[in-house]
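One structure below.
Please treat every number below as a calculation from the coordinates, not as lab data. For clarity, every value in this text was computed on a predicted model and none was experimentally measured. Here Cβ is always computed from backbone atoms with ideal geometry, including for glycine, and neighbour counts include all displayed protein chains.
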Amino acid sequence: MNVDYRDVDRDSRNDCERLARWNNDPAIKHLFNRSGDAESFERPFTAADFQRTGGTPDLQVPFKTLMVLVNDEPVGMAHFAIAGPRLLEPTPRTAWISLMIGEKPLQGRGLGRQVVGHLEELAAEAGATRVEIGVFAYNTVSLHFFTHLGYEEFARIPEHAWWAGQLWDDIRMRKPLQNSSPSRGDQHG
């Protein structure tokens, strides 16, 4: 399986339609999107939503939003940001990562492990010394996956995400990064 990455092009109708399709897929929608109630959960994503919220986020930190490609075909999305707004412990050397494998035939085939490894490498190259993630409590597959990759729970946000008629905790996990590169501000020379 030839895996590669490119920036998500939010000016591209094709990219935005693909993101909308993945985010609306009833088999995986609840795994990636936080909703506070049934009404917001049922609201469909549109390509226009991704175009409207697209472009470069107003972050003054290293970040990437990538299309995951297998044999040159988009199959998922991956993101990382250093000290971004999603962190529970917003320190300058902590990265937030997230990923979505949107194409069903590639789910559960080891691609997620490769994508997480790539995101961890990008984060370390940008100066991160640890990674933080959030996993909804009902997503036991992802909890097991990230635990197997060395992530450990350090906090919970109670009743954070609605799914299946109730609110669930957002479990925050983190992992120290090995061989982190010093951030530009830490380099001496």
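Descriptive notes on the structure:
- Antiparallel bridges, percent of DSSP beta bridges restricted to segment 3-182 (to nearest 5): 90 percent
- Helical mean residue ellipticity (222 nm; -39500 (n - 2.57) per DSSP H run of 4+; nearest 500) of the chain: -7500 deg cm²/dmol
- Shown here: Cα extents along the principal axes in Å, derived from the displayed model; of the candidates [x] 74, 37, 27; [y] 55, 42, 28; [z] 53, 37, 33, it corresponds to [z].
- Kyte-Doolittle at least 0.0, axis length at least 18 Å by Cα - qualifying DSSP helices, the chain: 111-125
- Residue of Ala48, Ala83, Ala164 that the Gaussian network model of the chain assigns the largest fluctuation, springs spanning Cα pairs under 10 Å: Ala164
- Fewest neighbouring Cβ atoms within 10 Å first, the residues Asp170, Asp15 line up as Asp170, Asp15.
- Summing +1 for each Lys or Arg and -1 for each Asp or Glu among the other residues whose beta-carbon sits under 10 angstrom from that of Pro176 gives +2.
- Local charge for Asn14 was computed over the other residues whose Cβ lies under 13 Å away, with Lys and Arg +1 and Asp and Glu -1, and equals 0.
- All lysines inside 22 Å of Lys175 as judged from Cα atoms, apart from same-chain residues fewer than 8 positions distant: Lys64
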